[in-house]
């Protein structure tokens with residue numbers, strides 16, 4: 001459920017995708033496998049410079065707290 005009073009997150013990247021330093025910009029993605037495949041969701045956080053995974057979380061739901069749960 002969407003909270004209509006919630007403020008959107010800051011747009012810190014400003015469409016600047018040429019990142020030259022590690023741990024300056026992280027990007028993320030969430031994917032969901034439907035009930036036929038087991039109903040799992042995976043959130044992954046990547047360092048935009050190295051493109052390495054810096055955090056991930058797996059759950060049986062597709063709520064926003066899944067993305068926040070992926071460490072660090």
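Observations
- Filter pass, residue 24 being without any contact (Cβ under 8 Å) to a residue 24 or more places away in the chain and more than 9 Å from the chain's Cα centre (by Cα): no
- If only residues of the stretch 37-51 that are under 11 Å from residue 27 (Cα atoms) and in contact with a strand residue (DSSP E or B) (Cβ under 7 Å, 6 or more places away or on another chain) are counted, the one that is surrounded by the most Cβ atoms within 10 Å (Cβ to Cβ) is 43.
- Residue 13 being part of a loop (DSSP other than H, G, I, E, B), surrounded by 10 or more Cβ atoms within 10 Å (Cβ to Cβ) and modelled with pLDDT under 80: yes
- Any hit, the stretch 17-30, residues being exposed (fewer than 10 other Cβ atoms within 10 Å of the Cβ), out of contact with any helix residue (DSSP H, G or I) (no Cβ under 7 Å at 6 or more places or on another chain) and modelled with pLDDT under 85: yes
- Any hit, the stretch 51-68, residues being over 12 Å from the mean Cα position of the chain (by Cα), free of Cβ contacts under 8 Å to residues at least 40 places away in the same chain, farther than 28 Å from residue 2 by Cα and assigned to a loop (DSSP other than H, G, I, E, B): yes
The values are calculated or read from the model by the stated rules, or taken from the named source; none is laboratory data. Remember, it's a predicted structure, so these values are computed and weren't measured experimentally. Cβ: placed from backbone, ideal geometry, glycine included. Neighbour counts: every protein chain shown.
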